[in-house]
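Engineer: Before anything else, here's the structure in question.
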Ligand code: GLY
């Protein structure tokens with residue numbers, strides 16, 4: 001199993017996304033890019049280091065002139081400028097120069113943080129993304145968004161930094177715990193909902209194979225997701241328009257993530273945000289009632305939440321306004337016209353949003369009824 005997707009900008013190929021079932025092709029791809037004999041700075045975290053750092057070193061040690069590894073504590077709380085400073089200091093200490101290579105080995109936090117370091121170190125050095133979670137394989141490693149959280153805002157400080165290569169080894173998905181794995185499914189389902197109705201049907205009809213992590217099905221699912229992302233980022237690399245469609249479920253999702261102090265996984269919050277957004281789409285007359293309920297219930301077999309207790313809907317609404325996207329131009333809310341077709345609505349009111357948040361809020365009163 002081996003697939004290649006080339007991401008183009010202005011009709012020119014910019015980087016490849018390789019979808020493989022092991023790491024054995026990584027060295028050759030890096031050689032092809034011209035990095036043979038350069039210093040490699042691998043950045044990873046405390047979850048991924050014990051699993052794959054040694055294998056990556058074995059695969060790459062004959063290609064580079066020096067191999068350095070920096071690992072930081074896993075988790076969203078590491079996604080900040082302190083970690084960036086530590087990584088940059090390590091790069092200086094290792095005499096990494098502009099022609100060397102950063103390799104981001106891990107999930108979304110590693111990819112975003114290491115990608116940002118590569119974007120700013122000596123005004124930018126090349127980065128290869130090696131995503132190891134479902135979420136990072138289908139979303140964050142593709143498209144060049146990098147950055148860290150700042151001052152209570154998610155991804156507030158960052159840069160667009162296109163990778164030189166995205167190398168996906170789908171067998172790493174076997175090492176994910178169930179919550180991490182299904183968290184990634186929220187982003188997979190998002191593609192079906194916003195832009196590809198046949199992918200949505202495919203996901204439903206391959207539900208059991210997805211549960212069982214059947215290798216061919218995982219490879220197909222990651223590939224179709226990456227093609228969806230490729231299409232959007234090629235059209236709108238810097239998010240001046242359509243790329244914002246990828247934020248479906250994220251306005252309310254990010255607010256819940258913050259409200260819960262990152263105790264829930266990103267994809268769990270995105271699933272809740274997607275349900276709320278689908279509800280608002282129904283209330284605005286875009287989706288039918290049946291379509292709304294079908295979308296809502298589709299998250300259940302993938303162990304994703306469709307309701308949440310222990311939130312204060314008004315506070316969650318307030319938090320939607322402290323999303324960086326809401327700072328200057330107000331909220332660009334992503335709604336659905338139908339399965340497979342999303343649009344940006346700038347007229348979603350606080351009442352609309354609170355309706356969506358209350359829909360997913362499972363209160364003690366609901367329990368008594
Ligand atoms: N994850 C959303 C984007 O890349 O635009």
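The values are calculated or read from the model by the stated rules, or taken from the named source; none is laboratory data. Computed from a prediction, not measured in an experiment: that's the story for all the values here. Glycine also receives a Cβ, built like all others from the backbone with ideal geometry; neighbour counts cover every protein chain displayed.
Engineer: Identify, please: which residue in the stretch 252-267 is in contact (Cβ under 8 Å) with a residue 60 or more places away in the chain and outside any helix (DSSP H, G or I) and is, among those, farthest from the ligand (Cβ to nearest atom)?
Structural biologist: 262
Engineer: Which of the residues that make up the stretch 284-314 are in a helix (DSSP H, G or I) and surrounded by fewer than 16 Cβ atoms within 10 Å (Cβ to Cβ)?
Structural biologist: Selection gives 289, 290, 293, 294, 297, 300, 301, 314.
Engineer: Go over the candidates 275, 270 one by one and state the one that is within 16 Å of the ligand (Cβ to nearest atom), within 19 Å of the chain's Cα centre (by Cα), within 24 Å of residue 196 (Cβ to Cβ) and in a helix (DSSP H, G or I).
Structural biologist: From the options 275, 270, the qualifying one is 270.
Engineer: Go through (1) assigned to a strand (DSSP E or B); (2) surrounded by 24 or more Cβ atoms within 10 Å (Cβ to Cβ) for residue 138 and report which single condition fails.
Structural biologist: (1)
Engineer: Is it the case that some residue within the stretch 151-164 is within 13 Å of the chain's Cα centre (by Cα), surrounded by 24 or more Cβ atoms within 10 Å (Cβ to Cβ) and at pLDDT 95 or above?
Structural biologist: No, the stretch 151-164 contains no residue that is within 13 Å of the chain's Cα centre (by Cα), surrounded by 24 or more Cβ atoms within 10 Å (Cβ to Cβ) and at pLDDT 95 or above.
Engineer: Got a number for residues in the stretch 234-243 being in a helix (DSSP H, G or I), more than 7 Å from the ligand (Cβ to nearest atom) and in contact with a helix residue (DSSP H, G or I) (Cβ under 8 Å, 6 or more places away or on another chain)?
Structural biologist: 2
Engineer: Just checking, which of 181, 153 is within 30 Å of residue 207 (Cβ to Cβ) and in contact with a helix residue (DSSP H, G or I) (Cβ under 8 Å, 6 or more places away or on another chain)?
Structural biologist: Selected residue: 181, the only one of 181, 153 that is within 30 Å of residue 207 (Cβ to Cβ) and in contact with a helix residue (DSSP H, G or I) (Cβ under 8 Å, 6 or more places away or on another chain).
Engineer: Oh, and also: Take residue 249 and tell me if it is within 16 Å of the ligand (Cβ to nearest atom), buried (at least 22 other Cβ atoms within 10 Å of the Cβ) and at positive phi.
Structural biologist: So residue 249 passes the test.
Engineer: Taking residue 113 as the residue in question, decide whether it is part of a helix (DSSP H, G or I), more than 28 Å from residue 275 (Cα to Cα), within 16 Å of the ligand (Cβ to nearest atom) and in contact (Cβ under 8 Å) with a residue 60 or more places away in the chain.
Structural biologist: yes
Engineer: Go through the stretch 66-97 residue by residue and tally those that are part of a strand (DSSP E or B) and either over 21 Å from residue 40 (Cβ atoms) or in contact (Cβ under 8 Å) with a residue 40 or more places away in the chain (or both).
Structural biologist: Total meeting the criteria: 1.
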